[in-house]
Amino acid sequence: MDKKKTVRTAVLTIFCLLFWVPVLVMFPNSFMGAEELKASYGGVLGGGTEAVRLELLPVYPTLKPYVELLLDSPDFFVMFWNSVKQVVPILIGQVLIGMPAAWAFGRYRFRGRRILFLLYMILMIMPFQVTMVSSYLVLSELSLMDTHPAIILPGIFSAFPVFIMQKFFRSIPDALVEAAMVDGAGQFRIFLHVGVPLGLPGIMASVLLNFLEYWNAIEAPMTFLKTKSKLPLSLYLPQITTDQMGSSFAASIVMMLPAVLIFLWGQEYLEQGIVASGLKE
């Protein structure tokens, strides 16, 4: 058993290191100067035939890429705040709208519940490409194209938060709900004082997962936004040219930091949400 456990640990460690390779390359490259980056990647980016050299540590470390990004790139800050303006309202709206829907699916038994929840699941697994045309037509009819609400409104009504949160609401013991009813609590009070506190891990898990999704969203902003001053940070990197490679590595690190910090803060909630999503309906 010990030998099998050792082999399993070794295999998992190798896979973990493979996933970490892009970060291990990106972080030190963000401290490299233009000449050093050109020597490492010039063969590919310059159209040559030289092999790429992956340097794990910069020979001459410099903060110039971060200085150029944070002090000489106003577009970066505009796009950063655009991302905040779009992602934060989406998450707030998903919680305010998704919680009552998830409570209804998780606690009530009514005619057509399974069919309605099945429709939610179908909407959840549909890729953006399937709903892109219909969303475009609706937003265009509402004169919302090329505005922040064009990104916010479709995100608010996502089905995924309802799927995650209803699992937690459904797992609340009936005895607690019945005890609250005996004490004279109404349905809204039960939802607010029993459902929300006990379902908090599911709520936080949905917020974390959707933050990662919408913070890195590319397709929807590219489709619904045309004005450069309204684009989110996720579309900043594709606009960087090859002669700004140092800034591109620095921008990747800065963009990744909020997601990493939020993930580390809510890792426990995220794990509980993943476990709950595997429960049978």
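Taking all C-alpha pairs of region 124-281, those more than 28 Å from each other amount to 40 percent. Relative to the longest principal axis of the Cα atoms of the chain, helix 113-125 runs at roughly 0 degrees. Give me the log10 of I(q) over I(0) for region 131-224 at q = 0.26 Å⁻¹, as the Debye formula computes it from C-alpha points; what are the numbers? Values, matching the q order: -1.26. How high is the FRET efficiency from Leu200 to Trp20, r the C-beta distance, R0 41 Å, rounded to 0.05? E between Leu200 and Trp20, to the nearest 0.05, is 0.85. Across region 61-165, Cα-Cα pairs farther apart than 23 Å form 47% of the total.
Pull out a ≥ b ≥ c, the square roots of the eigenvalues of the alpha-carbon gyration tensor of region 180-249, then state rounded if a/c is under 1.5, prolate if not and a/b is larger than b/c, and oblate in the remaining case.
prolate
Over the chain, DSSP H runs of length four or greater, each weighted -39,500 (n - 2.57), average out per residue to a 222 nm ellipticity of -22500 deg cm²/dmol. By the equivalent-ellipsoid construction on the alpha carbon gyration tensor, the chain comes out with semi-axes of 42, 26, 17 Å, ordered largest to smallest.
For region 101-185, carbon and sulfur atoms together expose 68% of the accessible surface, with a 1.4 angstrom probe and every protein chain in place. The protection proxy used here, the mean number of other Cβ atoms lying within 10 Å of each residue, ranks peptides 61-67, 3-9 as follows, highest first: 61-67, 3-9.
Taking the average, over residues, of other Cβ atoms within 10 Å as the packing measure, peptides 232-238, 260-266 rank 232-238, 260-266 from highest down.
The values are calculated or read from the model by the stated rules, or taken from the named source; none is laboratory data. Values in this document were obtained by computation on a predicted structure and should not be read as measured data. Note that each Cβ is placed from the backbone with ideal geometry, even for glycine, and that neighbours are counted across all protein chains shown. When the accessible area is computed, the model is the full protein with side chains, heavy atoms only, and any ligands, DNA or RNA have been set aside. Shrake-Rupley method; radii C 1.70, N 1.55, O 1.52, S 1.80 Å.
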